[in-house]
Every structure is written in C-alpha cells, then in structure tokens.
Amino acid sequence: MTCEIRKWQLEDAKDLAAALSNTKIQDNLRDGLPYPYTEQDGIEYISAMLSADENETFAFAITVDQKVIGSIGAFRQGNIHRQTAELGYYIAEGYWGKGIMSEAVKQICRFVFDHSDIIRIYAEPFAYNAASCRVLEKAGFQYEGTLRNNAVKNGKIVDMKIYSLLNTEI
C-alpha cells in the first residue's frame, strides 16, 4: 500500500475527524486535542495549517488512494534550534502496521530538507509506543536516548525517546 503526502484541503476535515476520534491514537499524542474530535475541529486545524508560515510549518495530509488517513508535520524550532524541526504524525488505526507511516516520514523529511535550511529533524515518541519508535527507525532516524520521566500522559509519568535524522543522512 503506497501513500502520498499533500497539502491540506478544507474538505479533508471529515476524514481527519474520523481518524482522530480514537482514544488509541490520542493516547500516543500530546495533550490538547478535543475528544471526540469533530469535523469543525478539523476545519480549524486545517485552516491554521494553511495559513501558517510555509518556512516554519510543514504540514501535510497523508493519503492512500486519494483518501486522507492521517497527518504529518515538521515544525521549525526557535532561537539556537532554528534549523531544527520537530516531527509529529499519526494515521487512522485501520492503516497501522502496513509500512505507510515510515514511507510518509521519509517523504516529509525529503521535502523539508529539499525546501528549507533545516539540518535536523527529531521526534520524541512515548517510550511505550514501540510502533512509533519502529516507524522512525525504518525511516532512517537514529535513536539518541531516553528522556526519563519526561511527560505526564493520562495521569502517568512516562519516559520519551528521542530520535533524529540529519540532512546529510538522507
């Protein structure tokens, strides 16, 4: 199954809401997303991504056969980290374990490195999310370490792992 990443469109909001109204997905993301996630929430997110500075925010829909199945973005950091971007992503549960996310990660990294001065992309999955760690490893990211007791998710103190990919490694 092959995927493509593309710019968001407002009509993607329904598919986005369907994917994000799943606690299994939200349990692996940072806090702040509404649950259930509505089509209006999707419209607001997509509008924000479409109006964001294209040199700071690289946000894409992940599609399979023209259907939006997830989201991926790289977000430029500030100050001394201004040439570094943090990566975030998710796909609908029905598409897990098919290699789609690793391919989407490769696509966005190529895009960011080819279209910006970013030199390093990193991700910080929860340590318990072995599937996300595997996605990054399959996409060529290097494990850098464990950030101990780095977050509170669903009332529990959890570790996070940090992975990175340099523009010279792609």
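So the values come out like this:
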{"item": "For the stretch 1-129: rounded, prolate or oblate by the Cα gyration tensor [a/c cutoff 1.5]", "result": "rounded"}
{"item": "Cβ-Cβ FRET estimate between GLU93 and ARG134, R0 fixed at 22 Å, reported to 0.05", "result": "0.85"}
{"item": "Accessible-area ranking of ASP12, ASP65, largest first, probe 1.4 Å", "result": "ASP65, ASP12"}
{"item": "Over 19 Å (Cα to Cα) - which of LYS24/LYS106; LYS24/LYS67; LYS98/LYS138; LYS24/LYS138; LYS67/LYS98; LYS67/LYS161 fall in this group", "result": "LYS24/LYS106; LYS24/LYS67; LYS24/LYS138; LYS67/LYS161"}
{"item": "For the stretch 60-170, the spread of Cα positions along each principal axis, largest first, Å", "result": "39, 37, 21"}
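The values are calculated or read from the model by the stated rules, or taken from the named source; none is laboratory data. Just so we're clear, the structure is a prediction, and the values are computed from it rather than from any experiment. Methodologically, a virtual Cβ is constructed for each residue, glycine included, from the backbone with ideal geometry; neighbour enumeration extends over all protein chains shown. To get the accessible areas, we keep the full protein, side chains included, count just its heavy atoms, and leave off ligands, DNA and RNA. Shrake-Rupley method; radii C 1.70, N 1.55, O 1.52, S 1.80 Å.
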